[in-house]
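What follows is one structure encoded as structure tokens, with my remarks underneath.
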Amino acid sequence: MSNEVTTTQQDPNAKNVINYEPVFPVMTASINLELPVEDMASDLFALATDVVNCEGGFTTYTTGQNIDHVRGINELKQAIYGVCCAVGRELKMELNYDKASINIWANVMRRDGHEPVHNHKRGVFSGTFIVHADEKDSPTVLENPTEIFRNHEGYIRPQDYTAFTAPSIAINPKVNNMVVWPSWMNYHVPKLQQSGPRVSIGFTIDFLPPGA
């Protein structure tokens, strides 16, 4: 990406080129899977019932309940492993790809439910898989990790935000879609305005160092 400007100090017909380069982009990834989401949702509804143990919903993240019995969960784990290995290799990360640890949990969010800003920086990659949701339900919002964007506030209209200036990026929920991002990245889910439920499976994957 470049632009040309005419300088006043030189020949008016001479042009210098401004080169624009992304300096600190963050790699994320998304993929559409073909898992039995209806069966998965049914199993998770039975697990959650009407329990509320978080911000307007239910999560096994705090209870530590095992969800390995949920239909399709093994296929999801395989997809998490495969995609995260691909992202790591794309980034030239020196990881022990043969030794990975995956932590997964279920989230059943109802009206006014939300997830506050947080991260899972003890892992290498984190992400979410949408099991059941309306596309108008609350998005997953990734926070801009750079602080410099704050200098743009008041100078750029929200409709003109780009990946370089936006304070956050919203990813609308799409059933059977998985999104992956670096575990150190802050994210949140705004209050669910629909009646819900919005059902997702969150995860974090860690890899041992090379040679471990």
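The values are calculated or read from the model by the stated rules, or taken from the named source; none is laboratory data. Only a predicted model underlies this, so the values are computations on that prediction, with no experimental measurement involved. Here Cβ is always computed from backbone atoms with ideal geometry, including for glycine, and neighbour counts include all displayed protein chains. What goes into the accessible areas is simple: the full protein's heavy atoms, side chains included, and nothing from ligands, DNA or RNA. Shrake-Rupley method; radii C 1.70, N 1.55, O 1.52, S 1.80 Å.
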Next on the checklist: I need every pair where a residue in segment 120-138 that is free of Cβ contacts under 8 Å to residues at least 24 places away in the same chain and surrounded by fewer than 23 Cβ atoms within 10 Å (Cβ to Cβ) has its Cβ under 7 Å from the Cβ of a residue that is part of a loop (DSSP other than H, G, I, E, B) and aliphatic (A, V, I, L, M), sequence separation at least 6 or different chains.
Outcome noted: none
Checklist entry - If you check Gly57, Gly82, which single one turns out to be small (Gly, Ala, Ser) and surrounded by 14 or more Cβ atoms within 10 Å (Cβ to Cβ)? => result Gly57
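Does segment 163-176 hold any residues that are in contact with a strand residue (DSSP E or B) (Cβ under 8 Å, 6 or more places away or on another chain) and open to solvent by less than 20 Å² (accessible area, probe 1.4 Å), and which are they? Talk me through it step by step, then tell me what you get.
The first filter runs over segment 163-176 and keeps only residues in contact with a strand residue (DSSP E or B) (Cβ under 8 Å, 6 or more places away or on another chain), leaving 163, 167-171, 173-176.
Result: Pro173, single match.
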